[in-house]
Amino acid sequence: MSPFDLVIKYWLALAAGIVAGILPRGEFPARRRVALGLITALTVLSVQWLWPVEGAAAEATADEWPHLLNVLIGMPILGAVGVLFIPRQMLSLVRGFTLVVLGVGFVVSLALLTVPMTPGWHFQFIKDWIPSLGIRWHVAVDGISLWLILLTTFIGPIAAYASFGSIKTQVKELCFCLLLLQGAMLGAFVALDLFLFFVFWELMLVPMYVMIGIWGGAEKIKAALKLFIYTMTGSMLMLAAMVYLAWTHQRLTGVWSFDYLALSQVVLSRPAQMMCFWAFSIAFFIKVPMWPVHTWLPDAHVQAPTGGSIILAAVMLKIGTYAYLRFSMGLFPGPASSLAANLAGVAILGGIIYGALVAWKQADVKRLVAYSSVAHLGFVMLGLFGVTPTGIQGAVLQMVNHGISTGALFLLVGVIYDRRHTRLISEFGGIAKVMPIYTALFVLVTFSSIGVPGTNGFVGEFMIIMGTFTSERLGTFAGIHTIGASAGVILAAVYMLSAVQRVFFGPLTHPKNKGLSDISPREMVAIAPLVLMIFVLGMFPSIFLDRMKDSVAMAYDQFKTVSGQAILFADEQQAKLLPADTFSPAFLKGAPGVKEEGEPEAPPEAGDEGVQGAAPTRRDGVLADRGGDR
Amino acid sequence: MEALRTLFPASDFTLLAAILALPALGALVNGLFGKRLGKEGVRLMALAALGGSFLASVLTYLLLPAEGKLTWTAWRWISIQGRMGQSIPIDVAFSVDALSGTMMLVITGVGFLIHLYSSEYMKNDPGFHRFFAYLNLFCFAMLTLVMGDNLAMLFVGWEGVGLCSYLLIGFWYGEDKNAAAGKKAFIVNRIGDFGLLVAMALIVYYVGTLRFDGIQSGASSLLQNVKIWPIGNMSSGTLPGFLHFLLPEQPVTILAATAVGLMVFLGCAGKSAQIPLYIWLPDAMAGPTPVSALIHAATMVTAGVYLVARLSAVFVLSPAALAVVAVTGALTALLAATIGLFQNDLKKVLAYSTVSQLGYMFIGVGVGAFAAGFFHVFTHAFFKACLFLGAGSVIHAIHVRIHDTDRSQDMGNMGGLKAYMPITRWTYLIACFAIAGLPILGSGFWSKDEILWKAFTVDIMAVSAPGVSQWMWPSWLGRAIYWAGVTGAVFTSFYMFRSYFRTFHGEFRGWKIDPTWKDPGHGHGHDDHGHDDHHEEHGEITGPVPHESPLPMTIPLMVLAAFSIGAGFLVAEPIHVAPLAHKLEPVFALSSRAIRQREGTEGLLFPMMLPGIAAFLAGTVGAMVVYQNRRGEPERRFATMFPRLHRLIYDKWRIDELYDATVVGMVDALADIFTIADKWIVDGILAKFTAALVGFFGTVLRAFQTGRVQVYAAAMVLGLVGVGWFMVKPHADATVNDEALRRSGEVKLSAAPGLGYSYRWDTPGVSETTFAKTTEHTVKLDPGETKDVTLRVRNAWGSESSETFTLTRPAGGRRGATEPGALPAPQPPTLPTGTIPAERIPDLIQPKGLQ
């Protein structure tokens, strides 16, 4: 193809790139202009590339390179190790290396999009890890985790780039933390083995703890400790439930396994179901965070450095919502179904409304954004609790949306903090006069955050509200929930616009604000991809929804059948195993082979070793280590 | 024409893309590159964008088919699932019929004139490019609103215009007042948007589509009852007793159509400034005057009327919703008109007049006269835009010397301008005649009287459906609305002519005119809104001769004034000159079936115009007498005679204060409570309290770790004493084995062993006297029998302890004895093999407490 043809074909991207390149006025380094142009052109290109083509979905089952996910997880973790060998004096090398690793990670993760996201698992990779306990390295993506992985790899370089602007001390340690965190978060999104998930879940806590503890604000230690203890409390509950579940599975089948697919088939006795559901869910609710376990979040955000806040808000919180969707709803559909209306009530009153009202009264911009996160994630959780295909799609989309909008907000708050070293709203006022571009960007991101149509925030909220009203799980509450959630839309405007008014508009009175410089080229490059994504998501959401809808439909169907089965099946005393044909074969692909016996005959009492008639076949390297399973 | 029809087929009418894309492009270019383009470039871009869009709209209008629509689908936006699991696609799709086509003409046509006007009015503003970017963006959003093919696309435009309105009201953001007004507008609009969101959810649920075509054809599925109270799972079982008064005998239900209608109308009330959400519009006058003309008079605020007309198929199903719309409209028309009577700020007068006129439009659509309501939108766009632009022209002239925004709009500083600004004066007068309803010539006469006539004669048929009872309009309601409208019309013509006479007649009160006066040096333009003004000397100031505005400002005035007269003849139903009405007929053909003319009113068409004409005359002549002949003396007299009433009306009935004290105050207090609770209760219990608890235990336990041998020894002794005491005290306990209870009535009890224990079993009737070492004891029960068995334990020291077990053997069937009515069929007398359900055993055998 001649260069001329290329120009013809990609004129839109080219034009967009050129426009973005010449957009900034005044002295603006050529390097940054090129970067801006490239970012814009590539965004347009990717929209073109991902544009849904009718009927082309089923053809071409491209080869899935099984190691892709290993590379995605491994690269940042190995990179983190690699950083340790770079002398700390070579600042630009350390930074450059980190950015390259994270950037390459993003590029590699784009390969996930080359495969049509049919129901079931993709890029699955399974390897025994601790065979005596049936623990495996089992990673895979589906249409739901796909977008969260891309969000992670997308936010990672931006957060790192933003951090390097403001953090000048102990850069090497910072890079180590960023890379390790990135690897752990990616791992948590793709792990399908509960034990593996738990490892990543805990692993990502450490770098975040360190990041807040070292580069944080005045009360950094307290905030870091609070974050750690809160999360840890949940983790311990989850671990206990996880072990109980695996042990039950072992009792029923004779094989130890922590595999999500295998454990999905276990139906616990009714009280145990409820206990395990809460143990898992409390861990996730703390992470989300949901009322009333949300108070660690504002503290952590206020104290965290900009980069940490971005990652925390944009990605880490999503692990809680994602894990609720994947694990709580997948493993315990019974309680998730019967508690749906109550939990949705908490999400609305405690999240959407309470979060918004408290956000309104905050004096610190970062605290305000933190509480707005509580409100936004209330929407996400509402979408999940309602369990409708529309609601779940909206919730997943809203996770991505929140990552982008709130990430951008924290980035922008960081900009002003770097200049004034304060975030108190009362310290500002009228700075639109001295920082017009910054103001324009902030107002734009604000509107995305409060969900004005055309920006990303609206699509998710709209789908969640529509899903809520049509939800069966919420039953008679669906109407009142819809009204409550919609009322949150009003409050979002109240708190965000009040803050915008007090910070940017009105007379410029504070003398320190008179000399503020507008957004710098470097900051502009950092924020550009987020701003572009705001519009891409808002205007072309079907790019995202098309790739997740099959997976969501599968998750929804499975939830519907399994929750029905679980309610029918469960009794007060004994755990049971669902027959494999309850699940779609696409879901069970790669499950450890424990499903050969026909009737799930109720096994005898606890502790009995006599169950082992259920001869487990040895597949995928699972060692049926009977008798000596201790 | 035919060539165009083939070029743009009705189902893929790509011309719509051009209509939308041009303003969007203008906004983008002006917003991003405005500063570099320079003012001329920005003006050219903005005007070309709107002009092109206008021409394309005209073309579209000409190509409109008699029936059906022109549609264009851009791309698939989202797809959601309905109640039945059916897929509901929501596309970025646009369509045009006569209703939206007319709106498009108004938006782009009036929009173009106002762009032209602004290019002069805003000439010296440093935010020139920003202003035109917003204005173009607004036109884009407004076009999206009217052209959207489904409710979701309409909502995109709906919020988009709200956003632009926010940006434009707060355009001079340097003053807190303006920024606050913008915020208020946005938030109040959001309250309306909340209603629209809920309405969309209801429509998705009941109708299963958001396309307007689909809603129209599927509207009958809204004829179902919706339970609105009690909410959730409220019932006598779940509520505490003292709240039972909340539970009605019968669940309160309303028709789904009514619910949708009311929720949609909440949205319309927000956007179109109706009671109770009208409070933002007068504040919105903080924006530049052309903005007030375009957004807050001609186009955006009429979006609510457009929406009701668009969803007419839903509204006609519910007489109750229509009644709410019409009554709200009438009340708003009256209330706003009274407030307009005493305002001194020229723009405020026009703002309240807009609110009041919007009320008339809602009367129109509320009595089912959708076409009539829409005609008023159409005529109002011209004369109100003309009035606002005229006011802007006056303010522009006053602004030469008085830079303070509020004072330059005060009618106290105007007067006598007819000599200096003839074009402005004449166009303003024509528009005043139009709004006041000068018979035949004023376009407001035709549209307003049509509305009032329809209100007078309305008779709404309830569409019936099985199991649904409809609320019906009482016969007096239509007539009451008619008379309210006529009363409002008196006020309208009075306050309009009051503003006219105070502005253009009498003495000029702004400053002392000195023809040789020169602006002392610094090029003071419009850019200093918000700056402290340094030439505001108190007392008498001098200034130049007030000047007529330049051509780019007067041309729009003249065009709009011409339309203020001419538009009436597009809609003059009574004299059968109504081309627009014929164009619109098919749009409302279906909906109008439920609307009848009341019997006995056939010949009253012309007689019933007389009250309207009388109202016009009364208001006009009254204003002329008061303000022209007597220089406002009666108003001052009124103010001294009823100072409090005058003050109350001047303060807008203090509705804002009422809201602040109630709704806003409550939410504010709630937020304060939550914030405090969050800090001290939620965080207090979960974080601070647990931390304190852990700390407390740490402190307590640390106290034991003293390292002194005496302490440890004392602890050891204490422990030993405890163990010893446990040994000395006997513990009676037994395990009950009732496997054979059903079969043979035998229950085996085995006592728990202990050091040196001996046991005695006391059963009623059989009483052992001695303690023995046997731990086992068997009791035999007859069916239905209950026995108390007491175990006595004595230990080596002779202390005793006892425990009583109550054993019951059920008689025959499982529940037969206790719940005779529970099972209809008699149970066989005995059950096969020990099948007592596991959960019932604990009920049968209960320990009766320890001794």
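Close Cβ contacts (under 7 Å, 6 or more residues apart or on different chains) running from residues in region B:86-109 that are more than 14 Å from chain A (Cβ to nearest Cβ) to residues that are among the charged types (D, E, K, R) and not in a helix (DSSP H, G or I) comprise B:PHE94/B:ASP149; B:SER95/B:LYS69; B:SER95/B:ASP149; B:VAL96/B:LYS69; B:ASP97/B:LYS69. Taking region B:562-603 as the range and being surrounded by 15 or more Cβ atoms within 10 Å (Cβ to Cβ) and of a type in the set (A, V, I, L, M) as the test, the residues that pass are B:ILE565, B:ALA567, B:LEU570, B:VAL571, B:ALA572, B:ALA578, B:LEU580, B:ALA581, B:LEU584, B:VAL587, B:ALA594, B:ILE595.
State yes or no: is B:VAL721 over 30 Å from A:PRO289 (Cβ atoms), over 60 Å from the mean Cα position of the chain (by Cα) and not charged (D, E, K, R)? Give the derivation first.
Details: over 30 Å from A:PRO289 (Cβ atoms): yes; over 60 Å from the mean Cα position of the chain (by Cα): yes; not charged (D, E, K, R): yes.
Against the criterion (over 30 Å from A:PRO289 (Cβ atoms), over 60 Å from the mean Cα position of the chain (by Cα) and not charged (D, E, K, R)), B:VAL721 qualifies.
Okay, residues lined up against (1) modelled with pLDDT under 90; (2) more than 23 Å from the chain's Cα centre (by Cα); (3) facing chain B (nearest Cβ under 10 Å); (4) not in a helix (DSSP H, G or I):
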{"position": "A:ALA555", "(1), (2), (3), (4)": "no, no, no, no"}
{"position": "A:THR561", "(1), (2), (3), (4)": "yes, yes, no, no"}
{"position": "A:ILE567", "(1), (2), (3), (4)": "yes, yes, no, no"}
{"position": "A:GLU572", "(1), (2), (3), (4)": "yes, yes, yes, yes"}
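I'd like the full set of residues that are charged (D, E, K, R), at pLDDT below 90 and more than 27 Å from the chain's Cα centre (by Cα), limited to region A:495-544. A:LYS512, A:LYS514, A:ASP518 - these are the residues of region A:495-544 that are charged (D, E, K, R), at pLDDT below 90 and more than 27 Å from the chain's Cα centre (by Cα).
Taking A:ASN342, is it free of Cβ contacts under 8 Å to residues at least 40 places away in the same chain and of a type outside the set (Lys, Arg)? Yes, satisfied. Checking each residue in region B:43-90 for being closer than 25 Å to A:GLY454 by Cα and of a type in the set (Phe, Trp, Tyr) picks out B:PHE54, B:TRP72, B:TRP75, B:TRP77.
When B:VAL161 is tested against (1) within 21 Å of A:SER486 (Cβ to Cβ); (2) more than 7 Å from chain A (Cβ to nearest Cβ); (3) surrounded by fewer than 24 Cβ atoms within 10 Å (Cβ to Cβ), just one condition goes unmet, and that condition is (3). So B:HIS403 ticks every box in (1) within 32 Å of the chain's Cα centre (by Cα); (2) surrounded by fewer than 23 Cβ atoms within 10 Å (Cβ to Cβ) but one. Which box is left unticked? Unmet condition: (1).
Among the residues of region A:450-491, those identified as closer than 19 Å to A:ALA336 by Cβ and either among the polar types (S, T, N, Q) or in a loop (DSSP other than H, G, I, E, B) (or both) are A:THR468, A:THR470, A:SER471, A:GLU472, A:ARG473, A:LEU474, A:THR476. B:TRP75 fulfils the conditions (1) outside any helix (DSSP H, G or I); (2) touching a residue at least 24 places away in the same chain (Cβ under 8 Å) except for a single criterion, (2).
Can you say whether A:VAL434 is over 16 Å from A:SER498 (Cα atoms), in a loop (DSSP other than H, G, I, E, B) and either of a type outside the set (Ser, Thr, Tyr) or facing chain B (nearest Cβ under 8 Å) (or both), as far as the supplied structure shows? Spell out the reasoning first.
Values: over 16 Å from A:SER498 (Cα atoms): yes; in a loop (DSSP other than H, G, I, E, B): yes; either of a type outside the set (Ser, Thr, Tyr) or facing chain B (nearest Cβ under 8 Å) (or both): yes.
It is true that A:VAL434 is over 16 Å from A:SER498 (Cα atoms), in a loop (DSSP other than H, G, I, E, B) and either of a type outside the set (Ser, Thr, Tyr) or facing chain B (nearest Cβ under 8 Å) (or both).
Table: residues versus (1) more than 10 Å from chain A (Cβ to nearest Cβ); (2) without any contact (Cβ under 8 Å) to a residue 12 or more places away in the chain; (3) surrounded by 20 or more Cβ atoms within 10 Å (Cβ to Cβ); (4) under 30 Å from B:CYS164 (Cβ atoms).
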| position | (1), (2), (3), (4) |
| --- | --- |
| B:ASP193 | no, no, yes, yes |
| B:LEU196 | no, no, yes, yes |
| B:ALA219 | yes, no, yes, no |
| B:ASN225 | yes, no, no, no |
| B:THR238 | yes, yes, no, no |
| B:PHE245 | yes, yes, no, no |
| B:PRO251 | yes, no, no, no |
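A:LEU186 meets each of the listed conditions (1) surrounded by fewer than 22 Cβ atoms within 10 Å (Cβ to Cβ); (2) in a helix (DSSP H, G or I); (3) among the aliphatic types (A, V, I, L, M); (4) touching a Ser or Thr at 6+ places or on another chain (Cβ under 9 Å) apart from (1).
Taken over region B:396-422, residues that are closer than 16 Å to B:TYR121 by Cα, part of a helix (DSSP H, G or I) and either of a type in the set (A, V, I, L, M, F, W, C) or without any contact (Cβ under 8 Å) to a residue 12 or more places away in the chain (or both) amount to 2. Scanning for something at positive phi and outside any helix (DSSP H, G or I), does region B:625-647 turn up at least one residue? Yes, because at least one residue in region B:625-647 is at positive phi and outside any helix (DSSP H, G or I). When residues in region A:240-273 are screened for being in a helix (DSSP H, G or I), within 28 Å of the chain's Cα centre (by Cα) and surrounded by 19 or more Cβ atoms within 10 Å (Cβ to Cβ), 9 of them pass. Looking for something closer than 21 Å to A:ALA16 by Cβ, surrounded by 22 or more Cβ atoms within 10 Å (Cβ to Cβ) and more than 14 Å from every other protein chain (Cβ to nearest Cβ) - is there at least one such residue anywhere in region B:35-51? Within region B:35-51, one or more residues are closer than 21 Å to A:ALA16 by Cβ, surrounded by 22 or more Cβ atoms within 10 Å (Cβ to Cβ) and more than 14 Å from every other protein chain (Cβ to nearest Cβ). With respect to the numbered conditions (1) closer than 23 Å to B:GLY34 by Cβ; (2) in contact (Cβ under 8 Å) with a residue 12 or more places away in the chain, which one is the sole condition not fulfilled by A:LEU42? Checking A:LEU42 against (1) closer than 23 Å to B:GLY34 by Cβ; (2) in contact (Cβ under 8 Å) with a residue 12 or more places away in the chain, the one that fails is (1).
Of all the numbered requirements in (1) surrounded by 14 or more Cβ atoms within 10 Å (Cβ to Cβ); (2) at pLDDT 80 or above; (3) not aliphatic (A, V, I, L, M), B:GLU776 misses one, and that requirement is (1). Scanning region B:198-213 for residues that are within 9 Å of chain A (Cβ to nearest Cβ), in contact (Cβ under 8 Å) with a residue 60 or more places away in the chain and closer than 30 Å to B:ASP283 by Cβ turns up just one, B:VAL198.
Residue by residue through region A:274-300, note down the ones that are more than 14 Å from chain B (Cβ to nearest Cβ) and crowded, with 24+ Cβ neighbours inside 10 Å.
Within region A:274-300, A:CYS276, A:PHE280, A:SER281, A:ALA283, A:PHE284, A:LYS287, A:VAL288 meet the criteria.
The values are calculated or read from the model by the stated rules, or taken from the named source; none is laboratory data. Quantities reported herein were computed from a predicted structural model and do not represent experimental measurements. Quick reminder, even Gly has a Cβ in these numbers, built from the backbone with ideal geometry, and neighbours come from all protein chains shown.
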